[in-house]
Amino acid sequence: MTHSSNTRSPKDSDLRISQEVNFDGLIGPSHNYGGLSHGNIASKTNALRVSQPRKAALQGLEKMQYLRSLGLHQGVLLPQQRPHLPTLRALGFSGSDSRIIEQVSNAAPELLASCYSASSMWTANACTVAPSADTTDSKVHFTPANLSSMFHRSLEHESTGKLLKAIFNNEQYFSHHNALPMVSHFGDEGAANHNRFAEDYGQTGVQLFVYGRYAFRENKVATAKFPSRQTYEASLAISRLHQLDAERTVFAQQNPKIIDVGAFHNDVVSVSNRNTFFMHEEAFLNKELMQRELQRKYGEQKLHFIEVPTEQVSLQAAVKSYLFNSQLITLAGQDGMALILPEESRENAEVFAYLDSLLAADTPIKDIKFVDVRQSMQNGGGPACLRLRVALSQSELAAVNQKFILDDALLTTLNDWVNRHYREQIEPNDLADPSLAQESFTALDELTQIFELGSFYEFQQ
Ligand code: SUG
């Protein structure tokens, strides 16, 4: 059975004027290079380097402002409480906050680094979102990612769920699920392994879930070096929770070979927007099959697959430059789409030459722009990692807690907040200094006042 992409008429007349709102993670005051992510080359390469939290957060805010200046709605998600002392208490450390930090820094510095990670900045991993045009109950669905593959990231999902409920706080429009069971069988990394295709944001789309391995079936092709974080079973569970139509849902396996090169999430080797899929030619295990199924389920309108050949951009160059970890966006009043890339893509000769040829070719991508998010990039997080895409109709957008939609005043407030509270740099040894924890809590306490969140963080309760 085939569908045309607009056979299911929008259930709410204002769905047609939907837009994609990017919610970027505000980079937290403890941003540091812990070397915590096995399989993430940048995280390992930059392990224990000196980080620059203030610069990191300002780079993030500048990117948000840039996207706003291009005419997009821009949202923000808040950093989590770090250090996460409740986790250390659960692991048997006790006493005052300072005492715990002192004990852990001596006994288990790797645990201290994990509980100090500002990794919630990468909001593409915060959750998976299903826009209301795709769901049976016509609500926008959210499932926080359990991030069970990496200990430091597994600490995020509870606070993420709480924050999402505070922002999308209206049962008429939004439906919130719990994270999947916290075991490797259901390893879920959220929107970083998820794409959606639709002629326009408000039209019923086809959703593509990308997994790295099976949990309950034999993996005929498997990674040899690095972990596959997302399982098929997790992706399937999300599609059930989100009440998606199986005739409009596709599951595809990421090429294990490319995970071994360092593409630990699919958004390191592909990015989509509306009817366009920009990908490395080796990104998927059964590419042709996937493309045929996507096109069949998409219907009569044409999907554009822009494949980057290995001979033009090697897998290594793709991973190093984060060419695909870009934001592919539609700009109002402009023909075609723009690709918002990290500066590292401009600096890589192979990739830059490819981008030249891309602009000369006849594809929906008509423009390229670069942003500097180097502090995040050094931990393996490019422009696309830093944002969560949420397609919203006009009335859904109006139902969002407006405190979290950036305007000039909020940007000024946040820039000022960062400048007053953030350290210029953090060295690995600084994590043992209890005053860093106190400074972070003071900053976060003020943040809850800015966003009128009440006692949101555990240290405030
Ligand atoms: O999960 N890095 C993150 C980067 C996440 C990128 N997100 C997407 N591709 N969507 C990760 O590996 C490194 C932290 C450290 O080593 O300090 C880290 O967690």
Q. Out of SER321, TYR298, ALA332, whose Cα points farthest toward the positive end of the dipole of region 256-362 (charges: +1 Lys, Arg; -1 Asp, Glu; placed on Cβ)?
A. TYR298
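What FRET efficiency, computed as 1/(1 + (r/R0)^6) with R0 = 41 Å and r the Cβ-Cβ distance, is obtained for VAL50 and SER395, rounded to the nearest 0.05?
After rounding, the FRET efficiency stands at 0.30.
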Q) Of all the Cα-Cα pairs you can form in region 182-308, what percent are over 19 Å apart? A) 45
(Q) Taking the Cα centre as origin and putting +1 on Lys and Arg beta-carbons and -1 on Asp and Glu beta-carbons, what dipole magnitude results for the chain, to the nearest 20 debye? (A) 700
(Q) With viscosity set to 1.567 mPa s at 4 °C, what whole-number translational diffusion coefficient in µm²/s follows for the chain from Stokes-Einstein and a Kirkwood radius over Cα pairs? (A) 58
Q.
If you fit an axis through the alpha-carbon atoms of helix 287-298 and take the longest principal axis of the Cα set of the chain, what angle between them do you get, 0 to 90°, nearest 10?
A. 70
Q | Proximal charge balance of HIS421 [Cβ under 9 Å; K/R count +1, D/E count -1] | A | +1
Q | Linear extension gain, ASP97 paired with GLU247, 0.36 nm per residue minus alpha-carbon span | A | 48.8 nm
(Q) Just to confirm the number: angle between the C-alpha axis of helix 434-450 and the first principal axis of the chain, 0 to 90 degrees, nearest 10? (A) 50
Q) With r defined as the distance between the Cβ atoms of PHE151 and LYS403 and R0 fixed at 41 Å, what FRET efficiency is calculated, to the nearest 0.05? A) 0.85
**Q.** Label-point separation in nm, GLU307 to ALA361, each point 7 Å along Cα→Cβ
**A.** 1.0
**Q.** Under-5 Å amide H pairs with THR128, H placed in peptide plane, nonlocal only
**A.** THR143, ALA145, ALA191
Q. Taking 0.36 nm per residue of separation and subtracting the Cα-Cα distance, what length does fully extending SER184 through GLU218 add?
A. 10.7 nm
Q: Using only Cα atoms, find the angle between the long axis of helix 349-360 and the longest principal axis of the chain, and express it within 0 to 90 degrees, rounded to the nearest 10.
A: 40
Q: Could you calculate the FRET efficiency of ASN286 with GLU110 from 1/(1 + (r/R0)^6), where r is the beta carbon distance between them and R0 is 41 Å, rounded to 0.05?
A: 0.60
Q | Ratio Rg/Rh, restricted to region 351-461 and using Cα atoms, in which Rh is the Kirkwood radius | A | 1.07
Q: Subtracting the Cα-Cα distance from 0.36 nm times the residue separation, let me have the gained length for GLU300 to SER314 in nm, one decimal.
A: 1.7 nm
Q. Once amide H atoms are built 1.01 Å from N in the peptide plane, which residues 5 or more positions from GLN80, or in another chain, come under 5 Å H to H?
A. SER120
Q. Once the other residues with Cβ under 12 Å from the Cβ of SER43 are scored (Lys, Arg +1; Asp, Glu -1), what is the net sum?
A. +3
Q. In region 136-218, what is the volume of the convex hull around the alpha carbon atoms, normalised per residue and reported in Å³?
A. 123
**Q.** Cβ-based net charge around SER149, under 10 Å, with every Lys or Arg adding one and every Asp or Glu removing one
**A.** 0
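No value in this document is a laboratory result; all are computed from the given coordinates. Here the structure is a predicted model, which is why all the values come from computation and not from measurement. When we count neighbours, we look across all protein chains shown, and the Cβ atoms used for this are built from the backbone with ideal geometry, even at glycine.
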